[in-house]
Amino acid sequence: MALLAGPWLGCGTTSSPASAGDDAGGAFDVVSEPAPPYTQTLLDHVHIGSDSSKPDFQKATASVELTGGPFAQVSLVVDLVSPCFPWSNWKTDPPPAGQDWPADCDAFDRNFEMSLVDPDASDASDAQTSPGLELVRAITPFGGPEHLEQDVTDVFNSLQGPRTFEVTIPTYSDSAGKVSGSNGGWYVSAHLAVTPGTAPANVLAVIPLYYASVTAGETVADISFTMPPGTTSSRLEYRVTGHGGASDPSTSCIGPAEEFCKRTHHVYLDDQPIEQVTPWRADCAKLCTLADGGPFGGTGQYCEQNPCGDPQSVEASRANWCPGSETPPYSWTPGALSTPGAHTFKFAIDGIYAGGEWRVSAVAYAYGGGDGD
């Protein structure tokens, strides 16, 4: 069945405060002078845990609705804290008897995704038929801290009404406490740094097309969407990372998991190929500055940026991600997308092995007046 994507973010942003509100959506009131810069706190050291019986299981959320638009700049700033590190934490929070890790320490690298969800969507829980808008795709370090900053100005210059900000980390525990903590988790803080003023682009719509996982043998149908009247330029973003426990023996893999496999992605707009890409990161070694010490004794070394990970694993190339790093989207400006009206989007991934999966999100941006190139 075809998926239908609608511009739940869209229409109503203009390129200057003096004329704001003229578009059909009417996102902003007419203002004579922009409001002063401000910060909106979304999450303040909020726990994301691995206990499925608790409300903080693998996710933290906050309501967000900015005032004083349009905006000259909006930045999403996120800080992740791990109970595993620094090692001094182990003095006050030692491993339980018979275990090797503090109970609340998640020693592994995990998906670290930030998105906006429309609370009024017909089925906001369905990641395919009502896709959320992914803002940042990252991977946590192996048991270490992480700092991320992302420009989200175009998104919030198109946003109408409240949204739910979601941070997802699929953290899991080792009940025996031997390879990770027996009740591991993370703490996340997030805020928006907002500067009202003249918008840098005339954003007509931001349209989430897809946000879900694709597994072996799965086919994604055409996704129908509409670029609004007045569209003169556009951008298509495609975020992808490979994961899962597949053991593909093919020569396209350097290790026994989908994260170590090179896969070809085919991206189509209006049934025409945009590009064929093979997402792969070969720069992960930069996230391993070796240091001596740690709580394990002996003469071993650890990576400062990924303190709980084996250095060889930290440094290994992967399917478009590195531990402790953001994965930026592929970005295209196909001419056909700058035409107002109906369009379709589709992608296909070659050779996903049983047990593996790719996390995929796609977003279309529509601009008027020649902005957004």
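The values are calculated or read from the model by the stated rules, or taken from the named source; none is laboratory data. These figures come from a predicted structure and were not determined experimentally. Quick reminder, even Gly has a Cβ in these numbers, built from the backbone with ideal geometry, and neighbours come from all protein chains shown.
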Being modelled with pLDDT of 95 or more and out of contact with any helix residue (DSSP H, G or I) (no Cβ under 8 Å at 6 or more places or on another chain) is the requirement here; does ASP151 meet it? yes
Residue check for PRO119: of a type outside the set (Val, Ile, Thr), at pLDDT 95 or above and either surrounded by 23 or more Cβ atoms within 10 Å (Cβ to Cβ) or out of contact with any helix residue (DSSP H, G or I) (no Cβ under 6 Å at 6 or more places or on another chain) (or both): no
Step by step: first the residues of region 155-168, then only those that are in contact with a strand residue (DSSP E or B) (Cβ under 6 Å, 6 or more places away or on another chain) and surrounded by fewer than 23 Cβ atoms within 10 Å (Cβ to Cβ), then the one that is farthest from ARG110 (Cα to Cα). Which residue is that? PRO162
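Table: residues versus (1) touching a Ser or Thr at 6+ places or on another chain (Cβ under 6 Å); (2) at pLDDT 95 or above.
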residue: LYS286; (1), (2): no, yes
residue: ALA291; (1), (2): no, no
residue: PHE296; (1), (2): no, no
residue: THR299; (1), (2): no, no
residue: TYR302; (1), (2): no, no
residue: GLN305; (1), (2): no, yes
residue: ASN320; (1), (2): yes, yes
residue: PRO323; (1), (2): no, yes
Could you please tell me which pairs satisfy a Cβ distance under 6 Å, a separation of 6+ or placement on different chains, a first residue in region 278-293 that is closer than 14 Å to PRO323 by Cβ, and a second residue that is of a type in the set (Val, Ile, Thr) and in a helix (DSSP H, G or I)? CYS288/VAL314
Being acidic (Asp, Glu), farther than 19 Å from PRO141 by Cβ and not in a loop (DSSP other than H, G, I, E, B) is the filter here; which residues of region 52-81 pass it? none
If a residue has to be closer than 30 Å to CYS308 by Cα and in contact with a Gly (Cβ under 7 Å, 6 or more places away or on another chain) to count, how many in region 184-206 make the cut? 1
Would you confirm, using the coordinates I've provided, whether ALA199 is touching a Ser or Thr at 6+ places or on another chain (Cβ under 6 Å), modelled with pLDDT of 95 or more, closer than 24 Å to PRO37 by Cβ and assigned to a loop (DSSP other than H, G, I, E, B)? yes
For region 311-327, name all the residues that are touching a strand residue (DSSP E or B) at 6+ places or on another chain (Cβ under 9 Å) and touching a residue at least 60 places away in the same chain (Cβ under 8 Å). VAL314, SER317, ARG318, ALA319, ASN320, TRP321, CYS322, PRO323, GLY324, SER325, GLU326, THR327
Could you tell me which residue of region 244-256 is farthest from the chain's Cα centre (by Cα), considering only residues that are surrounded by fewer than 20 Cβ atoms within 10 Å (Cβ to Cβ) and in contact (Cβ under 8 Å) with a residue 40 or more places away in the chain? SER250
Test: residue in region 88-108 that is part of a loop (DSSP other than H, G, I, E, B), surrounded by fewer than 21 Cβ atoms within 10 Å (Cβ to Cβ) and touching a Leu at 6+ places or on another chain (Cβ under 9 Å): no
Taking region 195-213 as the search range and keeping residues that are crowded, with 23+ Cβ neighbours inside 10 Å and among the aliphatic types (A, V, I, L, M), which one is farthest from TRP90 (Cα to Cα)? LEU204
Confirm whether SER234 is touching a helix residue (DSSP H, G or I) at 6+ places or on another chain (Cβ under 8 Å), over 30 Å from PRO307 (Cβ atoms) and not charged (D, E, K, R). yes
Scan region 336-354 and tell me whether some residue there is at pLDDT below 95, assigned to a loop (DSSP other than H, G, I, E, B) and on the phi > 0 side of the Ramachandran plot. yes
Consider region 160-191. How many of its residues are small (Gly, Ala, Ser), in a loop (DSSP other than H, G, I, E, B) and touching a residue at least 60 places away in the same chain (Cβ under 8 Å)? 8
